[in-house]
Amino acid sequence: MCGRFTVTTNKFDRWNTVFPNLIARHWLGPRFNVAPAQPVPAVLNSMPGEVQWIRWGLVPYWAKDETIGNKLINARAETLMEKPAFRRAFRQQRCLILADGFFEWVAIPGSRIKKPYLIRMKNGDPFAFAGLWDRWVGPSCELLSCTIITTPPNELVAPIHNRMPAILAAASHERWLHDTAPPRELLLPFPADAMSAIPVSTVVNPPAHDAPECIEPESRQGELLQFNSVNIERPRR
């Protein structure tokens with residue numbers, strides 16, 4: 001799954017290298033520990049050139065109330081057409097969710113604490129998760145919300161977690177937003193050789209903690225250890 005991510009790139013010239021001509025009328029960042037139920041930056045296929053801040057956790061248009069969104073922060077790529085909550089959105093309401101990193105955790109044997117890793121592009125560029133969005137109209141409000149699609153992990157993420165978010169190559173953004181037929185073939189694990197996994201402090205574990213130390217490497221003098229045939233940066237002891 002993908003349960004936390006980052007949006008730390010605050011200069012729009014950097015975003016525009018990946019998302020040309022993107023417009024953001026307001027920017028709620030930087031964010032170092034984005035959690036479910038919070039606003040996230042998304043580009044909807046109904047407004048493809050502009051960033052919208054919408055709730056993370058999909059609330060389908062037919063939902064009785066918005067609490068269902070707490071269970072729909074992720075959607076498995078393999079079963080999108082089988083799930084009533086995602087089927088319509090996959091056909092008609094796709095979006096890009098902007099990010100520049102995401103967190104996954106590894107269980108520590110003999111401990112209740114899990115070790116967090118920050119996974120991002122080696123060159124530090126921002127990127128887009130493949131997402132779905134919907135509009136829900138309640139008794140007293142209208143809500144836009146989204147979910148992040150997940151895939152099996154690539155070789156980098158596999159030792160850490162059994163799922164990863166579906167990251168779209170920049171050349172695929174337009175297809176994802178505008179193809180009439182849902183482009184299933186875009187929902188693949190992102191190439192591992194373009195990404196890095198960095199151990200960070202457990203200060204990121206509480207979702208309420210949103211500060212720069214959430215993304216600082218656990219040790220600035222890390223060493224590369226071989227872990228299930230994948231190089232993951234780990235701290236010296």
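The values are calculated or read from the model by the stated rules, or taken from the named source; none is laboratory data. For clarity, every value in this text was computed on a predicted model and none was experimentally measured. Virtual Cβ from ideal backbone geometry, glycine too; neighbours counted across all protein chains shown.
It is to be established whether one or more residues within region 47-63 are touching a residue at least 40 places away in the same chain (Cβ under 8 Å), among the polar types (S, T, N, Q) and under 13 Å from residue 147 (Cβ atoms). Show your work before the answer.
Looking only at region 47-63, we keep the residues that are touching a residue at least 40 places away in the same chain (Cβ under 8 Å), and these are 48, 51-52, 54-61, 63.
Adding the requirement that they be among the polar types (S, T, N, Q) leaves 52.
Of the ones still in play, those that are also under 13 Å from residue 147 (Cβ atoms) are none.
Within region 47-63, not a single residue is touching a residue at least 40 places away in the same chain (Cβ under 8 Å), among the polar types (S, T, N, Q) and under 13 Å from residue 147 (Cβ atoms).
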Filtering region 19-57 down to residues that are crowded, with 18+ Cβ neighbours inside 10 Å and closer than 18 Å to residue 174 by Cα yields 19, 41, 42, 43, 44, 51, 52
Considering only residues that are over 20 Å from residue 82 (Cβ atoms), among the charged types (D, E, K, R) and assigned to a loop (DSSP other than H, G, I, E, B), which ones fall in region 151-178? 155
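Name the residue, out of 175, 135, 94, that is touching a residue at least 12 places away in the same chain (Cβ under 8 Å) and surrounded by fewer than 19 Cβ atoms within 10 Å (Cβ to Cβ). Even if it seems obvious, please write down each step before you answer.
On the way: 175 fails: touching a residue at least 12 places away in the same chain (Cβ under 8 Å); 94 fails: surrounded by fewer than 19 Cβ atoms within 10 Å (Cβ to Cβ).
From the options 175, 135, 94, the qualifying one is 135.
Can you find even one residue in region 83-90 that is among the aliphatic types (A, V, I, L, M) and surrounded by fewer than 19 Cβ atoms within 10 Å (Cβ to Cβ)?
In the first step, residues of region 83-90 are kept if they are among the aliphatic types (A, V, I, L, M); the result is 85, 89.
Cutting the leftovers down to surrounded by fewer than 19 Cβ atoms within 10 Å (Cβ to Cβ) gives us none.
Within region 83-90, none of the residues are among the aliphatic types (A, V, I, L, M) and surrounded by fewer than 19 Cβ atoms within 10 Å (Cβ to Cβ).
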Contact list, first residue from region 15-33 and within 26 Å of residue 216 (Cα to Cα), second anywhere and aromatic (Phe, Trp, Tyr) and modelled with pLDDT of 85 or more, beta-carbon distance below 6 Å, six or more apart or interchain, is 28/53
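Hey, can you tell me all the residues within region 85-121 that are charged (D, E, K, R), more than 22 Å from residue 41 (Cα to Cα) and touching a strand residue (DSSP E or B) at 6+ places or on another chain (Cβ under 8 Å)?
To start, the set of residues in region 85-121 that are charged (D, E, K, R) comprises 87-88, 91, 94, 100, 104, 112, 114-115, 120.
Checking the rest, the ones that are also more than 22 Å from residue 41 (Cα to Cα) come to 87, 112, 114-115.
The answer is 114, 115.
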